[in-house]
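Quick notes on the structure that follows.
The values are calculated or read from the model by the stated rules, or taken from the named source; none is laboratory data. Bear in mind that the values here come from a model prediction, so they are computed numbers and not experimental data. For neighbour counting, all protein chains shown are included, and Cβ atoms are generated from backbone atoms with ideal geometry for every residue, glycine included. Only protein heavy atoms, including side chains, enter the accessible area calculation; ligands, DNA and RNA are left aside. Shrake-Rupley method; radii C 1.70, N 1.55, O 1.52, S 1.80 Å.
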Amino acid sequence: MRFLQSLITAATYVSTSTATSHIAGNAPQSPLLRHGDSNRTVSATLFAELEELARVVDISYCVGLTGLGIIKPFQCLSRCSDFPSFELVTTWLTGPLLSDSCGYIALDHGKQRIIVAFRGTYSIASTIVDLSTVPQKYVPYPGSDEGTDDGAASEDVSREIILGIDGHAKRGVVAAEDKQVKCSNCTVHMGFHRAWLHTRKRILADLTVQTLLYPDYELNLVGHSSGGAVAALAALDLQARGLDPVVTTFGEPRLGNKGLVDFVDDRFKLEETQDDDTRMKYRRVTHVDDPVPLLPLTEWGYAMHAGEIYISKPSLSPDIRDLEHCAGDNDQECIAGHDTTTAEEEGALSVRKRDLLSSVRDEIHDVVNEPWGIPSRYKLWQLFFAHRDYFWRLGLCVPGGDPGRERYGEVPKGELRLRSD
């Protein structure tokens with residue numbers, strides 16, 4: 001009930017603000033969007049947008065190896081009916097592995113947006129196990145994508161990112177005279193990097209056409225889980241091409257080392273304070289019980305960038321008061337406070353710190369080694385659900401259905417059986 005009240009409040013605010021702006025014409029408006037005096041408070045407008053984008057990325061789970069997928073104009077077994085103004089452009093699927101990608105491009109003619117939604121991997125459980133137990137390989141970033149699987153010479157991503165532009169530019173135009181932006185001493189997760197390189201070959205032509213046909217539409221990239229990591233790398237690449245993407249990720253894992261983190265922070269101005277949080281170019285949403293934003297491990301050289309918005313409520317559905325803006329890359333009041341592999345701050349905070357990563361390791365050990373394979377401490381399935389609980393239980397179109405939805409009474413059993421065919 002609180003969740004619905006928050007959405008109603010947010011919708012009322014947006015409608016009122018829109019009406020006021022029409023009356024005032026071009027008069028400057030004060031960004032009275034955040035509540036209270038704290039810069040950590042999430043505005044009603046942003047709360048409503050994040051909830052909507054959670055449903056948008058949930059639809060990406062309809063694209064896959066089985067099922068009906070998404071068909072034109074914009075129909076699927078999931079939440080497509082929530083978006084009558086959407087027009088499907090294309091879908092893509094490069095494969096089922098962590099180094100693959102899947103998603104869709106759509107036009108939102110209502111809000112004038114180009115949506116690129118990146119789905120996570122098929123097996124969220126396997127993703128968590130892999131990222132937490134297997135040392136993740138990394139490669140220099142940016143790096144050339146020559147010699148990829150198709151054997152064809154392709155564009156050099158490193159040159160375009162190093163020649164990345166500052167400020168605004170016409171779409172598709174990279175001004176060579178602009179100041180060079182270098183990513184110094186940067187490494188990136190090899191699997192996520194390959195996933196974007198594979199994806200780019202599939203979507204760049206379609207995306208370029210849409211940006212030319214609809215030059216006034218805002219480019220929005222949204223991703224869940226590993227799809228969030230691919231969205232991040234896509235955003236850097238597209239920004240270097242002269243585009244100005246807005247990025248929203250849910251449960252995004254770590255991309256690379258501290259050098260890459262600093263690069264992302266700089267490119268999206270994530271260390272700058274925004275009085276109007278709807279103007280943020282990068283929103284990285286995390287959840288109190290989700291371990292994936294802490295993976296791959298710090299001890300392997302991985303770190304996380306800023307732009308975090310933290311959901312502190314363990315269960316569905318969050319209220320606006322359950323969300324907060326976090327400060328910098330390693331805010332101990334947010335998800336970083338649950339990672340004891342990083343240096344702890346002195347004081348009461350370190351005493352109440354709960355180590356999600358230790359929970360994952362202990363539970364995986366029990367599953368593998370205990371006679372009955374039953375976890376005895378923090379339940380691993382709770383971590384899996386937490387990685388999908390962003391405003392809604394994401395993943396309705398995952399093959400076999402979502403047992404969490406049936407458990408919570410959100411979807412009729414018959415629909416789940418339909419998806420298991």
Handout entry: Qualifying residue in region 14-34 (condition: closer than 26 Å to residue 228 by Cα, modelled with pLDDT of 95 or more and in contact with a helix residue (DSSP H, G or I) (Cβ under 8 Å, 6 or more places away or on another chain))
Key = no
Fill in the blank from the handout: Here the residues within region 251-260 that are open to solvent by 10 Å² or more (accessible area, probe 1.4 Å) and under 17 Å from the mean Cα position of the chain (by Cα) are 254
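In region 42-60, what residues are hydroxyl-bearing (Ser, Thr, Tyr), in contact with an Asp or Glu (Cβ under 9 Å, 6 or more places away or on another chain) and either open to solvent by less than 10 Å² (accessible area, probe 1.4 Å) or assigned to a strand (DSSP E or B) (or both)?
Let us first name the residues in region 42-60 that are hydroxyl-bearing (Ser, Thr, Tyr), namely 43, 45, 60.
Now restrict to residues that are in contact with an Asp or Glu (Cβ under 9 Å, 6 or more places away or on another chain): 43, 45.
43, the sole residue that qualifies.
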Handout entry: Residue that is least open to solvent (accessible area, probe 1.4 Å), among those in region 267-316 that are more than 15 Å from residue 334 (Cβ to Cβ), among the hydrophobic types (A, V, I, L, M, F, W, C) and touching a strand residue (DSSP E or B) at 6+ places or on another chain (Cβ under 6 Å)
Key = 268
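Inside region 320-337, can you point out the residues that are assigned to a loop (DSSP other than H, G, I, E, B), surrounded by fewer than 22 Cβ atoms within 10 Å (Cβ to Cβ) and in contact with a Phe, Trp or Tyr (Cβ under 6 Å, 6 or more places away or on another chain)? Reasoning before the result, please.
In the first step, residues of region 320-337 are kept if they are assigned to a loop (DSSP other than H, G, I, E, B); the result is 326-334.
Still in the list and also surrounded by fewer than 22 Cβ atoms within 10 Å (Cβ to Cβ): 326-333.
Matches in region 320-337: 326 only.
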Exercise for the section: Write out, first by first residue and then by second, each pair whose Cβ atoms fall under 8 Å of each other, whose residues are 6+ apart or on separate chains, and whose first residue, in region 88-100, is touching a residue at least 60 places away in the same chain (Cβ under 8 Å) while the second is open to solvent by 30 Å² or more (accessible area, probe 1.4 Å) and in a loop (DSSP other than H, G, I, E, B). Expected result: 100/94
